[in-house]
1. Exposed (fewer than 11 other Cβ atoms within 10 Å of the Cβ) and at pLDDT below 85, is that true of Gly47?
2. Looking only at segment 52-92, filter to residues that are of a type in the set (S, T, N, Q) and in contact (Cβ under 8 Å) with a residue 12 or more places away in the chain; which one of those is surrounded by the most Cβ atoms within 10 Å (Cβ to Cβ)?
3. So is Gly12 under 22 Å from Leu82 (Cα atoms) and either modelled with pLDDT under 90 or within 18 Å of the chain's Cα centre (by Cα) (or both) or not?
4. Cβ-Cβ under 8 Å, sequence separation 6+ or interchain: first residue in segment 11-35 and closer than 13 Å to Phe90 by Cβ and of a type in the set (Asp, Glu), partner in a helix (DSSP H, G or I) and at pLDDT below 80. Which pairs?
5. Of a type outside the set (D, E, K, R), over 30 Å from Glu21 (Cα atoms) and either surrounded by fewer than 13 Cβ atoms within 10 Å (Cβ to Cβ) or modelled with pLDDT of 90 or more (or both): is that true of Val40 in this structure?
6. For segment 35-80, what are the residues that are within 26 Å of the chain's Cα centre (by Cα) and among the small types (Gly, Ala, Ser)?
Amino acid sequence: MDVLSVLLDSVGVVALLLQTELKSIGFGIAAGAGTIGAGVGMGYLFGQYISSISRQPEAEDTVRVWLFVGIGLIEAFALYGLVFGFLVQFLT
């Protein structure tokens, strides 16, 4: 019985370590997807901003306001990705 109890204890430790590692992988996926998505969105936003200014330069002031609104929303999505990553890491 001594060998069996040691084996069961070691299996429990391995399961706990595996759970911790999976949480870290989940954090990486959630935070990485959030920040990568925000980077792609920011690049697309600035590309469209430059394109619209080159087509219609007199609308630059109006477009700039909406550019900053879009930047704020994109940054919020990046922070949501980090928050969800921390939730996966520490609250599961």
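The values are calculated or read from the model by the stated rules, or taken from the named source; none is laboratory data. Keep in mind that what you see is a predicted model, and the values were worked out from it rather than measured. For neighbour counting, all protein chains shown are included, and Cβ atoms are generated from backbone atoms with ideal geometry for every residue, glycine included.
1. On the way: exposed (fewer than 11 other Cβ atoms within 10 Å of the Cβ): yes; at pLDDT below 85: no.
No, not satisfied.
2. Gln89
3. Values: under 22 Å from Leu82 (Cα atoms): no; either modelled with pLDDT under 90 or within 18 Å of the chain's Cα centre (by Cα) (or both): yes.
It is false that Gly12 is under 22 Å from Leu82 (Cα atoms) and either modelled with pLDDT under 90 or within 18 Å of the chain's Cα centre (by Cα) (or both).
4. That search, which allows pairs on different chains as well, returns nothing.
5. no
6. Residues satisfying the conditions are Gly37, Ala38, Gly39, Gly41, Gly43, Gly47, Gly70, Gly72, Ala76, Ala78.
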